[in-house]
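Have a look at the structure below, then the notes.
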């Protein structure tokens, strides 16, 4: 396998630079377009989009029903459907039922709602272990769930991207939507954390 | 295993999570190339995704000693695979160009 051997010998940074040069010369990529894509994902596309969806669901019962019934359509209404977020299914965490998301084969993730995945989500250990021993892995990540809480692990390795609708924390009943948004974390929307009361 | 959330703005822009989106600049270029090429129709996203899954599965099946896990190494490998499949860029071309780039004198990108 000369490809593998050469890939290992040549640093990835150099190989990437070589590839970008070749693609640019052949008119297949434009470095300025690459710059724009990278800047967008580094600075704009992030968990704020997902948080807006969740905050709306917490404050608008009709939207919540729609979101759980047809996540893709309800999210599209807010404008967050796009690359890697074409089909979304939303699952609701309750005191007795907990949902957590993984991609066992690669790292599928709803980019438009949560940004690019964090390193732990891409890690082989998380991808393999959350399926086999979710309670233990969640505990190691700081989320203790009682034995009677049923855990469902959702594998994103298909067209579907999952979004967890976390439980609304105590003491937030009077907060308006825009004050709920900053409380909502990426980890809670993946299902590896609870949302703490303000 | 998990990074502490920045309580000032956990839902803010990616960087305010206290976690860099890309660990090194080349990772961002490899990411951007895959997105750009799929948007341009050079390959479809499912084709890229299948190549990425294959790369990761191969790494899992035959973990080579001394090779640590790096997600974007597999990403770059998958990108090379789909481009080679379509005859757009061959692995040997990339190797040759990378070797040429490696011959540049130190400080080539810091003109004085």
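Annotations for the structure displayed:
- Yes/no for residue A:36 being surrounded by fewer than 15 Cβ atoms within 10 Å (Cβ to Cβ), in contact with a helix residue (DSSP H, G or I) (Cβ under 9 Å, 6 or more places away or on another chain), over 17 Å from residue B:79 (Cβ atoms) and not assigned by TED's automatic domain parsing to the domain that holds residue A:90: yes
- Residue within the range B:61-77 that is at pLDDT below 95, out of contact with any helix residue (DSSP H, G or I) (no Cβ under 7 Å at 6 or more places or on another chain), surrounded by fewer than 20 Cβ atoms within 10 Å (Cβ to Cβ) and assigned to a helix (DSSP H, G or I) present: yes
- Test for residue A:71: is it out of contact with any helix residue (DSSP H, G or I) (no Cβ under 7 Å at 6 or more places or on another chain), surrounded by 19 or more Cβ atoms within 10 Å (Cβ to Cβ) and under 24 Å from residue A:152 (Cα atoms): yes
- Test result for residue A:160, modelled with pLDDT under 95 and over 26 Å from residue B:53 (Cβ atoms): no
- When each of A:91, A:101, A:137, A:149 is tested for being at pLDDT 95 or above and within 12 Å of the chain's Cα centre (by Cα), the lone residue that passes is A:101.
- Some residue of the range B:7-21 being within 8 Å of chain A (Cβ to nearest Cβ), within 21 Å of residue A:10 (Cβ to Cβ) and either modelled with pLDDT of 85 or more or part of a helix (DSSP H, G or I) (or both): no
- Complete set of residues in the range A:126-147 that are surrounded by fewer than 19 Cβ atoms within 10 Å (Cβ to Cβ) and part of a helix (DSSP H, G or I): A:128, A:129, A:131, A:132, A:135, A:136, A:139, A:140
- Members of the range A:32-48 that are facing chain B (nearest Cβ under 9 Å) and part of a helix (DSSP H, G or I): A:33, A:34, A:35, A:36, A:37, A:38, A:41, A:42, A:43, A:47, A:48
The values are calculated or read from the model by the stated rules, or taken from the named source; none is laboratory data. Remember, it's a predicted structure, so these values are computed and weren't measured experimentally. In this analysis, Cβ positions are derived from the backbone assuming ideal geometry, glycine residues included, and neighbour counts consider all displayed protein chains.
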